[in-house]
Every structure is written in structure tokens, then in C-alpha cells.
């Protein structure tokens, strides 16, 4: 039986479409006048929240691969990461265009005086080189340095989570849940390092003992 060709062999187009659903629903709400009393705030919150969710989903790929053996998930990590940057860009653009109307003086004052904006802007700055160098060409050009560069996703995610926590003024439950998820995802990445160190230590001790016995 002939195997299906094209996108039928891969669910990537489906994942791509699902990642666009939040934006489509937001646009639909806008056309139907369901963005509430402050549409700019609604759009800013929604795009920022989906940027955070997709960033956490991107970080969850490695733990899911190791725990469940779902190696095919690696094929979607770049797409999810780029969509996280896409929603972060919409989040920032909404603030710059519809909130501040490109008033550079007011924007600069916000960055300096409002800590949660400082954190959010810093996170976006860290995400920019990750998005730019996500192509196969950049991966080849940078070689091993590409892996080092893309570790910036960790401090960027921490800054995004802190941005959300600092933004909330009363109910910290939602932002706290995302912060806890991030802590678990980052904490899990320390386990292989510690395990590897313990194994190397045991191996070195065993080799040392064998050397003493042989003498």
C-alpha cells in the first residue's frame, strides 16, 4: 500500500493550526464586540498569557521525551517556541501601539520605573536572538554555540514568569501555578546533571579501588 505523501504524514499543519486558534478567537471576539470594557487590556493579557503557555509547552518537550519516550515531540519544539515568540511579539506590539501610541518617552519611563515592564521587556530581548537563529542555516553556522545561545530560553522564561507575578496585584493563583510549572520544568533539568555527577563519582571511586587492589 502506498504511503500518503505531503502533510498527511505529519501532524505539523494541525499543530500549526491549533497554535493559531487563540489568535483567531481573539479576533472573533473583537469583531463581535466581546473584548470587554478595556479591549486593549484584554488583548494584552490574552497574547501575553498564550506566549507564556507556549513557552512552558516548549520547555516541557524534553521532560516528556525522557519520561514517556515520545521522541517525535522534538519535531514540534521549534514551532512551539516560535509561536511563543509570535504571541510575545503581539503582546509587546499591543502595548507599544495601542497603549502607548509609540510614545518613546513614556515607554522608556515605563521600562525604568515599572519593574514588571522591565522584566517583560528584558525577557523579550532575550527571546529575539532565539527566534532569529531558529533556522537550519543559523544552526549550521553557529554549530555548538547554537546550543549555548538557546539556553537563554531559561532566564527568559524566568523573567516572563516574574513579569506575570509582578503584574498581578491581588489574586496570585493563576500566575503562581505557571511559576510552579516553570520551577518543575527547570528543576527536572537539574536531575540528569546530578545523576551524571553521582555516576561519574561512583565510577571514579570504583576505578580507584580497583587500582589499589591491583597494586
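Spacing of the modelled spin labels on residue 97 and residue 174, each 7 Å from Cα toward Cβ, amounts to 2.3 nm.
In this calculation the C-beta distance from residue 142 to residue 82 is compared with R0 = 25 Å, giving a FRET efficiency of 0.90.
Label separation (residue 125 vs residue 105): 2.3 nm, computed from points 7 Å beyond Cα along the C-beta direction.
Here the spin labels are modelled as points 7 Å beyond Cα on the Cα-Cβ line, and at residue 21 and residue 189 they lie 2.7 nm apart. Per residue, the convex hull spanned by the Cα atoms of the range 10-201 measures out at 165 cubic angstrom.
Only the coordinates and a few stated rules stand behind these numbers; no lab work does. Bear in mind the structure is a predicted one, so any value in this text is a computation, not a measurement. Cβ sites come from the backbone with ideal geometry, for glycine too, and all protein chains shown count toward neighbours.
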